[in-house]
1. Can you find a residue in segment B:201-211 that is hydroxyl-bearing (Ser, Thr, Tyr), in contact with a strand residue (DSSP E or B) (Cβ under 6 Å, 6 or more places away or on another chain), buried (at least 18 other Cβ atoms within 10 Å of the Cβ) and away from every other protein chain (no Cβ under 14 Å)?
2. In segment A:49-70, which residue that is in a loop (DSSP other than H, G, I, E, B) and within 7 Å of DNA strand C (Cβ to nearest atom) is nearest to the other protein chains (Cβ to nearest Cβ)?
3. Given (1) assigned to a loop (DSSP other than H, G, I, E, B); (2) under 18 Å from A:Asp178 (Cα atoms), where does A:Ile111 come up short, assuming only one miss?
4. Which residues, taken from segment A:243-264, are assigned to a helix (DSSP H, G or I) and without any contact (Cβ under 8 Å) to a residue 24 or more places away in the chain?
5. Test A:Gly244 against the stated conditions and say whether it is out of contact with any Leu (no Cβ under 6 Å at 6 or more places or on another chain) and within 14 Å of chain B (Cβ to nearest Cβ).
6. Mind checking which residues of segment A:87-108 are assigned to a strand (DSSP E or B) and not hydrophobic (A, V, I, L, M, F, W, C)?
7. Here's a check for you: in segment B:317-328, which residue that is touching a residue at least 24 places away in the same chain (Cβ under 8 Å) and out of contact with any Asp or Glu (no Cβ under 9 Å at 6 or more places or on another chain) is nearest to B:Asn307 (Cα to Cα)?
8. Of the residues that sit in segment B:141-169 and are part of a strand (DSSP E or B) and under 18 Å from the mean Cα position of the chain (by Cα), which one is surrounded by the most Cβ atoms within 10 Å (Cβ to Cβ)?
There are 2 protein chains.
Amino acid sequence: MLNRQEILHALRKYAPISRADLAKKTQLSRPCVSALVDEMIQEGLIHEIGIGDSTVGRKPILLEYNATAYLVMGALFDGNVLHMALADLKGELLCHEKKKLVSPISGETLIQELEEGLSRLLEQSQMTKEKMLGIGIGLPGITRKRDGTISYSPSTGWMDLPVQTDFEARLGLPVVIDNDVNMMTLGEYYKGIGIGVANQIYMYVGTGIGAGIILHHQFYRGSREAAGEIGYMIVGAIQPISKGEYGIFERNYSTPAIYAKARKILPHVCEETSVIRQLVHHAEQGNVQARHLLDEVYQHWAYGMVNMISLLDPDLLILSGEMVNIGEKGVQRIQHFLAEWVPMVPDLKLAALGEQAGMIGAVFSVLETFPMLTGQK
Amino acid sequence: MLNRQEILHALRKYAPISRADLAKKTQLSRPCVSALVDEMIQEGLIHEIGIGDSTVGRKPILLEYNATAYLVMGALFDGNVLHMALADLKGELLCHEKKKLVSPISGETLIQELEEGLSRLLEQSQMTKEKMLGIGIGLPGITRKRDGTISYSPSTGWMDLPVQTDFEARLGLPVVIDNDVNMMTLGEYYKGIGIGVANQIYMYVGTGIGAGIILHHQFYRGSREAAGEIGYMIVGAIQPISKGEYGIFERNYSTPAIYAKARKILPHVCEETSVIRQLVHHAEQGNVQARHLLDEVYQHWAYGMVNMISLLDPDLLILSGEMVNIGEKGVQRIQHFLAEWVPMVPDLKLAALGEQAGMIGAVFSVLETFPMLTGQK
DNA sequence: CCATTTGTTAGTTATATTAACTAACTGAAG
DNA sequence: CTTCAGTTAGTTAATATAACTAACAAATGG
């Protein structure tokens, strides 16, 4: 069963490719490849695409991966908008939509929206539910993927819900749930700026500050699934804290915190557009206070990064959420700060997938559970 | 070949155990277990130990792992003293010795000492070199295990040496090299306070500050083998830094830094005994300045831990080096600080193996490369 | 028609399985 | 005390699986 995966992996990597070449790439014998390929052709996972070219000898029969043999759905709910997509086995989106839901949103509402969304997407792409493998759903708040529950979600008020089993029962399909930032991390790893990078950290700044961690090509979640809660890091000056309150980094350098700081120095701060963008604009216009605040923010974000880099020595750090608005100039500024503090500065890149990241990650959260169909290792 | 490992693993875990029970534990069939066990008995890896007891039915033939079928050597050189040990396949030390080397110490000197040490240990334990699998060597400074080289070692002045191949050529045995703190981490994981814990961080404070990281039961080294270089973390007040100089945490809260701080407030600081021990002593005697300095140190160590915990959410944090001198009271004080900043405080324990940790870790660095003999997964 | 490459067929090997057996032992009925 | 049913341990034999090698047929260019 493992060699099937191996063959699929090579097939996807080098497609279109012949059986003989597959044998060379996988180190398996030609008969073995032939047999397994035939099996998978029967199952519809592989197609013969035509005859290839060669200078001498019999011409090869080229094979191709049939990514639409099965489908998955990926969804991301950010507490407000529900993104949904249908994707093939390569994680390529066939079609997608987004829908703003009106509060208050119960679990029941969400399930219904997912159900209806799935129907619409299937119809749109002219596919049937029989081909569906499962649905991945990214949710805001604290989730526990292992037991499929949501511990707490501030935006919806949900607490301790067995979301996965509830959804599976209603949707009639395997469901994978995870935290929204984790899904986005996965998205960038498989389809975005982090493709193929073994050790990477996805840093997200929004209402909160969090990180998704991929080590040795695997998502790292920690012992209590609390890894990446870098909002708790001690960055900048120590401040008095009241009992049970946490998150000094988050409290000072998340989006709301920066808004508060900006309001003190700028006359008109618009709540609708990115603070960082506004600060960058004013700084470029010559506003010294804005430039200073921006530098303070960059610097403290960099401090957080220094802590992560020195501990984990990753290849890549992906900046997302509010951070995507700093532009290439901002990236260079931060890179400059990093070089002051650590000798090994990793690649620093802006997230590439925008609002689709989480939805795409959700697609892959399902595909990851079917390596024998996708050829993922 | 993988089932052999599985059987050995179960055998070591449940020994003494019969073939029938092994089949149950490993989910393999009884004939398969019988065949593989017979093989391994032929090779001397397993022994029949005698007849077991049972209420009904035929009595089982109990099997035991023969840990002395092969041997490994573990060594740790801390820049000053060379610790050497001979160990069996369980990592149990058969005999060990330590020897102070006199500076300057060349690679040649070290090889010679290792060679002579090995001879002495073999003689002492009445074993032969034929049973040796390899030698693990922990070295101070920056090592690259992957290519077996040492990049820089301040205490000996070595730079860019292909230590592994040099040693292998001379000693005639496979050699595994690694950084001293990494070896200690491994030691505590396999034989010390961290046995069986999936996610743990070994924090070492000495001349420098460093950490060994074990995630999912595997050592994590980072992309450039620089993971755990937490001396670079930004802990406490930001300080001006000159170009190419790194390590704010290390500069302020490593052993030498604490000595410097202590000298300012205490009349007689002894360079020979632990600063922390001296500070604890004076604090207990009622010296307020000492108590304050101690608290400052504990607090800043805790800040560093907060950063690691929030990022990695480990089960366990092991305190070693200078930190072992804080005692249970110190541990509680730090735990108190941690609880102020993060909701998920992991176990916090003092390292258990003392100066033997590195040597034992070195033993396991070799054993890890022979899972088919040790049953390690 | 020969050299060369692709793909298949046939037979082999390695490693597991299941089913059925022998071995060894307990305990209770006769 | 003997005997035999019931139980557990370990082995043997036949079978299944999944790979391999060797040999060959198909296809093609020179």
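The values are calculated or read from the model by the stated rules, or taken from the named source; none is laboratory data. Quick caveat, the model's predicted, so the values are computed rather than measured. Backbone-built Cβ (ideal geometry, glycine too); neighbour counts: all protein chains shown.
1. No, that holds for no residue.
2. If we take residues in segment A:49-70 being in a loop (DSSP other than H, G, I, E, B) and within 7 Å of DNA strand C (Cβ to nearest atom), then A:Pro60 is nearest to the other protein chains (Cβ to nearest Cβ).
3. Evaluating A:Ile111 over (1) assigned to a loop (DSSP other than H, G, I, E, B); (2) under 18 Å from A:Asp178 (Cα atoms) leaves (1) as the failure.
4. A:Ile248, A:Arg251, A:Ala257, A:Tyr259, A:Ala260, A:Arg263, A:Lys264
5. Yes, satisfied.
6. Selection gives A:His96, A:Glu97, A:Lys98, A:Lys99, A:Lys100.
7. Once the filter is applied, the top-ranked residue is B:Leu319.
8. Among them, the one singled out is B:Thr143.
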